[in-house]
Amino acid sequence: MVITEHEASAFIHGYTLLMVEIFGPLPAKQKKDLLEVLAAARIKYLANRSLLDDALRTLEKKATPVSEDVVSAIRSLEVKQWIYLKDTKSHSVFIDPSGEVAYGVLGLTDRMRNIIGSSGAIVETGVVRYLGRYVTDGIVSSVVWLGPNYKTEFSSVLADLRKAGKFHTSCAL
């Protein structure tokens, strides 16, 4: 349901370093918590993906390396309003908003249900390809709860996607 503690720690450390660098300096009087900074940096990065290379160069000059696995994962970052259907024993089920593909997504340290409080919602969050698996970045920008009819409808969509071979739990490295 979640990746190993070592893998999560490496990802969180590298992701935080890079996103804080992308965000840039905070004005002295402005107080933001780390999740707000990470969410804002993520938006900035998605608008201009070359900022990642700039941040990498800056961190390299500071002798602060970031794992290539983490860099590769960030390059694959997709932030969408995913349909988070449920948690299973092995992953959280995310359906792409297009309805054409679904993923078994792992958490960094918690299951999606633990992050948002329940299952069956549209969640705006990031998903990366990390170490051969789909992993959420754990930053949830919004949550819209699904009613029972929508849950039933999306369960049917998931069943169709599984039959069509469009449900993925692992990805190429």
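Count, please, the residues in the stretch 65-96 that happen to be of a type in the set (S, T, N, Q), open to solvent by 10 Å² or more (accessible area, probe 1.4 Å) and in contact with a Ser or Thr (Cβ under 9 Å, 6 or more places away or on another chain).
2
Which ones in the stretch 116-168 are within 26 Å of I43 (Cα to Cα), hydroxyl-bearing (S, T, Y) and modelled with pLDDT of 95 or more?
S118, S119, T125, Y130, Y134, T136
Is it the case that the stretch 91-98 has a residue that's under 14 Å from the mean Cα position of the chain (by Cα) and assigned to a helix (DSSP H, G or I)?
Checked against the condition, which is being under 14 Å from the mean Cα position of the chain (by Cα) and assigned to a helix (DSSP H, G or I), the stretch 91-98 yields no hits at all.
L35 versus (1) exposed (fewer than 13 other Cβ atoms within 10 Å of the Cβ); (2) free of Cβ contacts under 8 Å to residues at least 60 places away in the same chain; (3) of a type outside the set (K, R): which is the lone unmet condition?
For L35, the failing item is (2).
Please indicate, with yes or no, whether at least one residue in the stretch 15-25 is in a helix (DSSP H, G or I), under 30 Å from K163 (Cβ atoms) and open to solvent by 10 Å² or more (accessible area, probe 1.4 Å).
no
Just for the stretch 142-173: of the residues that are under 21 Å from the mean Cα position of the chain (by Cα) and in a loop (DSSP other than H, G, I, E, B), which one is surrounded by the fewest Cβ atoms within 10 Å (Cβ to Cβ)?
Taking the candidates together, the pick is A172.
Quick test for you: out of I122, I139, pick the one residue that is aliphatic (A, V, I, L, M), open to solvent by less than 60 Å² (accessible area, probe 1.4 Å) and either without any contact (Cβ under 8 Å) to a residue 12 or more places away in the chain or not in a loop (DSSP other than H, G, I, E, B) (or both).
The match here is I122.
The values are calculated or read from the model by the stated rules, or taken from the named source; none is laboratory data. Just so it is clear, the structure is predicted and the values come from calculations on it, not from any experiment. Neighbour counts run over all protein chains shown; Cβ positions are idealised from the backbone, glycine included. Just the protein is used for accessible areas: all its heavy atoms, side chains included, with ligands, DNA and RNA removed. Shrake-Rupley method; radii C 1.70, N 1.55, O 1.52, S 1.80 Å.
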